[in-house]
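None of the figures in this text is laboratory data; all of them are computed from the coordinates on show. No experiment lies behind these values; they were computed from the predicted model shown. Heads up, the Cβs are rebuilt from the backbone with ideal geometry, glycines too, and the neighbour counts pull from every protein chain shown.
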Amino acid sequence: MNTVGIIGAGEVGSNIARALISIGYNVVVANSRGPETLRQLIQSLGPSARAATAAEAAEAGDFVVIAVPLKLANDMPVMELAGKIVLDTNNYMSWRDGNYPMIDSGERTVYELRQEHLPTSKVVQAFTHIQAPRITNAGLPRGARRRLAFPISSNFPEAIELVAALFDRLGYDTVDNSPLRESWKTAPGQPAWRDLNHQNRDELIENISKAQRFVLR
């Protein structure tokens, strides 16, 4: 695997692209406005990056990063994402995404909804607990006491394995909080979210254990 499709070219998507290029990946980047609007970004990323449509990025990637809000789910290239591991970077923010009653009621998590929108893909929560500019520069060697840790969640063990290995190469630890229905434990407002800037693996495990479910009515 050496090519990653990235759908979303904002702060999150562009910083993930830089991080992946730094460890040897090629990236194919798409946004909602068309490849011609990405010239400046692609130039800054260098020869390991190229611009494409969302469908082209999905088809080209050995795995794919989605760095756009859930509200744009209808714009996802479902067919081209079929069978692929899809890293979902989204955190549910009602002020941005609008209200999703199934999430607010606790019936579904945001990643379960993404999985339902992409029924033939293998969705995994990833890159949700780090500020975008830090993705490229906050990594530490394996075993470092203050190495940051991030939650990952999926219904597919192979997706967890891929993302855990990817984060390790980037200098981060992970905590498997699978399956997707358990991902509410790291959602905004939970202890794991409040400490996202500085928690190591042991601290993240403890914070996940402190999660309390609350329902918006």
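At-a-glance table
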item	result
The chain: antiparallel DSSP beta bridges as a percent of all, rounded to 5	10
The chain: relative contact order in percent, alpha carbon pairs under 8 Å with at least 6 residues between	17
For Thr89, net neighbour charge (Lys/Arg +1, Asp/Glu -1) across residues whose Cβ lies under 12 Å away	-1
Region 89-130: C-alpha gyration tensor shape, a/c 1.5 cut-off, then a/b vs b/c	oblate
Mean Cβ count within 10 Å, highest first, over the residues of peptides 41-48, 76-83, 124-131	124-131, 76-83, 41-48
Prolate/oblate/rounded label for region 3-209 (Cα gyration tensor, a/c 1.5)	oblate
Cα lying deepest toward the dipole's positive end in region 1-160, options Val78, Ala67, Ala19, charges on Cβ	Ala19
Within region 1-82: Cβ-based charge dipole about Cα centre, in debye rounded to nearest 20 (Lys, Arg +1; Asp, Glu -1)	240
Extreme residue, positive dipole direction of the chain, given options Leu38, Asn99, Gln190 (C-beta unit charges)	Gln190
Summed side-chain charge close to His129 - residues other than His129 whose Cβ falls under 11 Å, Lys, Arg +1, Asp, Glu -1	+1
About the Cα centre, charge dipole magnitude for the chain (Lys/Arg +1, Asp/Glu -1 at Cβ), debye	560
Net lengthening on full extension, Asn74/His117 (0.36 nm per residue, minus Cα-Cα)	14.7 nm
